[in-house]
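Undergrad: Structure in structure tokens, see below.
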Amino acid sequence: MAHRNFDRSSLSRRGLLRGGAFLGAGAFLSAVPAARMALAHDPAVVPSWPIVRAMVENYVAEGKVANMLAVMGWGQGEPEVIGKGVLTLGKPALADRDSLYRIYSMTKPVTGMATSILIDSGDLGLDQPLHEILPAYRNMRVQTVYDGSIEDTVAAERDITIRHLLTHTAGLGYGVIQKGPIREAYEERGLIPGQISRIPIPGLSRAKPVDSLEAFADGLAEMPLVYQPGTKWSYSVSLDLLGRVIEVVSGQSFDSFLAEQIFAPAGMDSTWFTVPDSEKDRLTTNYGVLGGNLLPIDIASNSVYLDEPAFPFGGAGLVSSPRDYDRFLQMVVGYGAVDGKRVMSESAVALATSNLMPNGLTMDFGPSISGGFGAGGVVGLGEFEGTYGWGGAAGTAALVDMKRGLRASMYTQYMPSEAWGAQTEFRQAVAADLVAAATGMIRPDVVNAVAAGDAN
């Protein structure tokens, strides 16, 4: 397998968290629709998903990851699970679809769906001003210079809306993206909606986050925006802020709302913000990639996810199993139903998986990562309409194709995700298997090339 050279002299917060979010479903979407065009009909099944399987096996065999699982399914059918590796290097327990993974930003589509439930019920408006729910956001200020002084600001030209929060167009910042004074201010005020490890990591702040979603929302309102609302897609803490919106509108805690409205009815019994002590033996270890080597940064037996977080992070806080997250995808591709049980309305899912970007904006983060944006996930545009998904900072990725009923997700645990590029290679492998199924051709050289990450 071809190896890439990376300078990993330090594992910074930007490197650890930023890459997974952007190189997940955004890149993942770009090849799968191309495969759709090559298909004359919906394949009932792609036999064994040989290229995906080769990728999974090679990643583990070459020691690039401790484990990797892919879960592939169609419509409401049983998935095919492709997996290899151990929960923790040097220990015998094998990873399987009931193992627990830090899904980081794959939490965002879950929060997006929760928000869509409230919009569909009429309790929340898509274009409702945020200040009607959280009054502190009535008169926001915007940095005159992006990532410049937090004192040099101008008045916001328009109100932040729920649409803006769902699509990262509110102008909010992100500690893992911003530089300079505003990043420092976020950390000083504890506006840190995520966690990685108990142990100190070079380049990673040890600042303590605030202790509630209410405190997070109040503190964030005091910060200037980095862009004018509704003018640019900018990856942000907006899905975390939506957690507080959900609390205020629903009258219950954000984590309880998710558990009652999504997890329980969807049969997702292994998705939490805190891993119960009784389930810790199922938890994977998370690794940092340094100089091509895997170094444990969150050991399963002493994971930070065994403790209750400062508050439930709606942008990056969930731990889930491949079985559970596939049930979430099954519910989405079933327009709110899973195994014949209604979890959400069809209209709520249709809204969440449609392009919600304001003013004709598109998500653009490089030539292969662009598209529309729905409720917490990127969506395809034009002939690629119907695809929806996102990725996570520790190498996970997930996608649904609403038109074909395809569910595809991949799980592993290493950071930063761009160290190996597994998310991009996974979507290439899925696309190649779809094309092979459509044409009846599965060539060994293609299998090997895609698994090695060398195919375009």
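Every number here is computed from the coordinates shown, using simple stated rules; none is lab data. Everything numeric in this text was worked out from a predicted model, so none of it was measured. Glycine gets a Cβ as well: all are built from the backbone with ideal geometry, and neighbour counts include every protein chain shown.
Undergrad: From Cα pairs below 8 angstrom and at least 6 apart in sequence, can you work out the relative contact order of segment 292-395, rounded to a whole percent?
TA: Rounded, it is 14 percent for segment 292-395.
Undergrad: Next question. Taking other Cβ within 10 Å of each residue's Cβ, how do Thr439, Thr271 sort, fewest first? The partial results should precede the final answer.
TA: Numbers: Thr439 11, Thr271 23.
Least to most surrounded, the residues fall as Thr439, Thr271.
Undergrad: What distance in nm separates the simple spin-label points at Lys91 and Ile199, each placed 7 Å from Cα in the Cβ direction?
TA: Label at Lys91, label at Ile199, 1.4 nm between them.
Undergrad: In segment 230-363, how does Rg compare with the Kirkwood Rh, expressed as the Rg/Rh ratio over alpha carbon atoms?
TA: Result: Rg/Rh = 1.01.
Undergrad: How big is segment 125-251 by Rg and Dmax over its Cα atoms, in Å?
TA: Both quantities, over Cα of segment 125-251: 14.1, 43 Å.
Undergrad: Compute the distance in nm between two label points, each set 7 Å from the Cα along the Cα-to-Cβ direction, one at Glu260 and one at Glu222.
TA: With each label placed 7 Å out from Cα toward Cβ, I get 3.2 nm.
Undergrad: Neighbouring Cβ atoms within 10 Å as the yardstick, rank Lys232, Lys64, Lys108 fewest first. Write down the numbers at each step before the final one.
TA: Numbers: Lys232 16, Lys64 20, Lys108 30.
By the 10 Å Cβ count, ascending, the order reads Lys232, Lys64, Lys108.
Undergrad: Moving to a separate point now. In segment 159-238, with Lys and Arg counted as +1 and Asp and Glu as -1 at Cβ, which of these residues, Gln178, Ala217, Pro202, has the Cα nearest the positive end of the dipole, that is, farthest along it?
TA: Of Gln178, Ala217, Pro202, it is Pro202.
Undergrad: Given a Förster distance of 51 Å, report the FRET efficiency between Glu346 and Asn302 from their Cβ-Cβ distance, rounded to the nearest 0.05.
TA: 0.70
Undergrad: Pull up all non-local amide H partners of Thr387: gap of 5 or more, or a different chain, and H-to-H distance under 5 Å with H placed in the peptide plane.
TA: Gly380, Met402
Undergrad: Counting only other residues whose beta carbon sits under 11 Å from that of Thr88, what net charge do I get with K and R as +1, D and E as -1? List each step's numbers first, then the result.
TA: Details: positive: Lys91; negative: Asp281, Asp298.
Charge balance in the 11 Å sphere: -1.
Undergrad: In addition: Among Glu383, Glu247, which comes first, second and so on when ranked by fewest other beta-carbon atoms within 10 Å?
TA: Glu383, Glu247
Undergrad: Based on the mean of other beta carbon atoms within 10 Å per residue, what is the order of 174-186, 308-320, most packed first?
TA: Result, highest mean first: 308-320, 174-186.
Undergrad: Sorted by average packing, counted as other Cβ atoms within 10 angstrom per residue and highest first, what order do 374-381, 348-355 take?
TA: Ranked by mean Cβ neighbours within 10 Å, highest first: 374-381, 348-355.
Undergrad: Can you pull the three principal axis extents for the Cα set of segment 61-111, in Å, largest first?
TA: Extents along the principal axes, in whole Å: 36, 25, 19.
Undergrad: Could you tally the net charge around Glu214, taking each other residue with its Cβ under 12 Å from the Cβ of Glu214, Lys/Arg +1 and Asp/Glu -1? Before the final figure, lay out the partial values.
TA: On the way: positive: Arg244; negative: Asp211, Asp218, Glu247.
Neighbourhood net charge equals -2.
Undergrad: Which lysines, if any, have their Cα less than 29 Å from the Cα of Lys208, not counting same-chain residues under 8 positions apart?
TA: Lys108, Lys179, Lys280
Undergrad: How high is the FRET efficiency from His131 to Val154, r the C-beta distance, R0 25 Å, rounded to 0.05?
TA: The calculated FRET efficiency here is 0.90.
Undergrad: Can you give the net charge of the other residues whose Cβ lies under 13 Å from the Cβ of Asp298, counting K and R as +1 and D and E as -1?
TA: +2
Undergrad: Mind giving me the nanometre distance, one decimal, between the label points for Lys179 and Glu57, set 7 Å out from Cα along Cα→Cβ?
TA: 4.4 nm
Undergrad: Taking the Cα atoms of segment 346-428, report the difference between the largest and smallest coordinate on each principal axis, in whole Å and largest first.
TA: The Cα atoms of segment 346-428 stretch 35, 26, 20 Å along their principal axes.
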